[in-house]
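The structure appears below as structure tokens.
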Amino acid sequence: MHNLILVLNCGSSSMKAAVLDGTTGDSHLNVLAEKLGSADALITTKHQGEKDVFYFKEHTTHDHAVRKLLQILQQHGLSEDIIAVGHRVVHGGEKFHASTLITREVLEDIEHCIPLAPLHNPAHLLGIHAAQDAFPNLPHVAVFDTSFHQTMPEHAYMYAIPRKYYRQNAVRRYGFHGTSYRYVSQAAADMLGRNLDELCMVIAHLGNGASVTAVKNGLSVDTSMGLTPLEGLIMGTRSGDIDPSIFEFLFDNKHMSIRQINSMLNKDSGLLGISELSNDCRTLEEHAALGHDGAILALNMFAYRLAKYIASMTVATGRLDALVFTGGIGENSASMRQRVIQHLGVLGVHVDAELNAAMVGGQAGAINVATDVVHTLVIPTNEELMIAKDTYALTCAE
Ligand code: AMP
């Protein structure tokens, strides 16, 4: 065990960590710190199937969490074998087209991207600084959610607003979930026994946040999220696409501020807002089966918007060899996949009910009927593995 990579994903009040083998991808440890910034923070460790919880006694920062992580690594005899640290960073703006070794200049560039991701990037920086203090002799790598989408053509990433906002403030579409798309597109090519650079795919990453990406010859050519993750699909609590005039309308008629409306669109909308019940797809499916009209409407709207987006992404790819589902919903909800595919007969996509029902709980495989030209696949994503591999490649590979 000499090739271990520590993968860190710091949010504003959480820190996820994993230890993976940089060569085999085997996972050795998972740690989740929650409620950071409060007095009742806790850290959960999963090691060889055993779970352990530690409750912090004082107000806990990212620094405390990383120091506790170091202790946990030592307890499990892993700290000596860690050779590099890979950090997930949500926003790399236009600067980062690929993962990169973290230098002082890179930290400054991540800082410059804070206006584009005011909640995420500051938390990543706290995590990186804390980890650099805890592991001063190890190389650190940043892996960006946005970098995979930097290959989008101008006509896909620009907004139809005066170009000065792009020139002066970098207002454009960036897209997210890039690490997941990179992993899943390669896994899909492997599953089909084809070269990635000859495949046209549409991939739907459907988790609590959800997006769709057109991948042509291994490159992102369009994606549904934009300047922020709010654009595009209906999500757990996000509205996705909406007429921007809603800001003036709700200001005039409900006296809501920009901040209140933005918060409503990000936190109270989507599946939660429509169903008036939950943002969780599984809960909605349970209640829809019992006739809950909000749950039924939410699931139908989610599927319809998604199907429209999948169809529109084939304009960007020009051809459709594979349609791929991933993320918590994409990997587990046979009924949501069925709802979506029902709308996609026009693309020649049909679902095999038996295969579809079997592809849950981490299974990977095809769910299309045998006569379909388009391969419809379910592939569990693995962003941690991708971060570990990038980190290994940038720091250790000969
Ligand atoms: P993620 O953000 O990728 O963890 O995905 C979370 C979403 O996946 C939530 O909406 C969950 O309800 C959904 N999900 C997970 N398992 C299932 C399942 N068995 N059936 C339906 N939805 C599921």
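Just a yes or no: is a residue in the range 97-104 within 21 Å of Tyr392 (Cα to Cα), in a helix (DSSP H, G or I) and either at pLDDT 95 or above or over 21 Å from the mean Cα position of the chain (by Cα) (or both)?
Yes, some residue in the range 97-104 is within 21 Å of Tyr392 (Cα to Cα), in a helix (DSSP H, G or I) and either at pLDDT 95 or above or over 21 Å from the mean Cα position of the chain (by Cα) (or both).
At pLDDT 95 or above and surrounded by fewer than 17 Cβ atoms within 10 Å (Cβ to Cβ): does that describe Glu80?
Numbers: at pLDDT 95 or above: no; surrounded by fewer than 17 Cβ atoms within 10 Å (Cβ to Cβ): yes.
No.
Within the range 371-384, is there a residue that is farther than 30 Å from Val143 by Cβ, assigned to a helix (DSSP H, G or I) and within 16 Å of the ligand (Cβ to nearest atom)? Walk me through how you get there before you give the answer.
Just the residues of the range 371-384 that are farther than 30 Å from Val143 by Cβ, to begin with: 371-374.
Cutting the leftovers down to assigned to a helix (DSSP H, G or I) gives us none.
No; the residues of the range 371-384 include none that is farther than 30 Å from Val143 by Cβ, assigned to a helix (DSSP H, G or I) and within 16 Å of the ligand (Cβ to nearest atom).
Hey, could you check the range 16-39 for residues that are modelled with pLDDT under 90 and not polar (S, T, N, Q) and say which is farthest from Glu384 (Cα to Cα)?
Ala39
Given the range 9-78, what strands (runs of 3 or more DSSP E) lie entirely inside it while holding 3 or more residues that are farther than 26 Å from His177 by Cα?
Values: elements: 15-21, 27-34, 42-47, 50-55.
Counting at least 3 such residues, we get 50-55.
Out of all the residues in the range 116-136, is one or more assigned to a helix (DSSP H, G or I) and β-branched (Val, Ile, Thr)?
Yes, that holds for at least one residue.
For the range 16-29, which residues satisfy the criterion of being within 19 Å of Ala123 (Cβ to Cβ) and without any contact (Cβ under 8 Å) to a residue 60 or more places away in the chain? Give the derivation first.
Taking the range 16-29 as the starting set, the residues that turn out to be within 19 Å of Ala123 (Cβ to Cβ) are 16-18.
Matches in the range 16-29: Lys16, Ala17.
Between a residue in the range 36-62 that is over 22 Å from Pro122 (Cα atoms) and any residue that is β-branched (Val, Ile, Thr) and not in a strand (DSSP E or B), which pairs come within a Cβ distance under 7 Å, given they are 6 or more apart or on different chains?
Pairs found: Thr45/Ile72.
Where residues in the range 168-184 are under 14 Å from the mean Cα position of the chain (by Cα) and part of a helix (DSSP H, G or I), which of them is nearest to the ligand (Cβ to nearest atom)?
Result: Ser180.
Please indicate, with yes or no, whether at least one residue in the range 330-345 is at pLDDT 95 or above and under 30 Å from Asn3 (Cα atoms).
The answer is yes, given that some residue of the range 330-345 is at pLDDT 95 or above and under 30 Å from Asn3 (Cα atoms).
Could you tell me which of the residues Ser263, Ser257, Ser275 is under 27 Å from Pro244 (Cβ atoms), surrounded by 20 or more Cβ atoms within 10 Å (Cβ to Cβ) and polar (S, T, N, Q)?
Ser275
Would you call Met313 away from the ligand (no atom under 12 Å from the Cβ) and in a helix (DSSP H, G or I)?
For Met313, the condition - away from the ligand (no atom under 12 Å from the Cβ) and in a helix (DSSP H, G or I) - is met.
Which residue pairs have Cβ atoms closer than 9 Å, lie 6 or more positions apart in sequence or on different chains, and pair a first residue in the range 276-303 that is over 20 Å from Asn266 (Cβ atoms) and free of Cβ contacts under 8 Å to residues at least 24 places away in the same chain with a second residue that is within 11 Å of the ligand (Cβ to nearest atom) and among the acidic types (Asp, Glu)?
The qualifying pairs are His292/Glu286; Ala295/Glu285; Ala295/Glu286.
Scan the range 152-166 and tell me whether some residue there is closer than 19 Å to Leu233 by Cα and touching a helix residue (DSSP H, G or I) at 6+ places or on another chain (Cβ under 7 Å).
So far as the range 152-166 goes, yes, one or more of its residues are closer than 19 Å to Leu233 by Cα and touching a helix residue (DSSP H, G or I) at 6+ places or on another chain (Cβ under 7 Å).
The values are calculated or read from the model by the stated rules, or taken from the named source; none is laboratory data. It should be emphasised that the depicted structure is a prediction, and the values quoted were computed from it without experimental measurement. Note: ideal-geometry Cβ built from the backbone for every residue, glycine included; neighbour counts use all protein chains shown.
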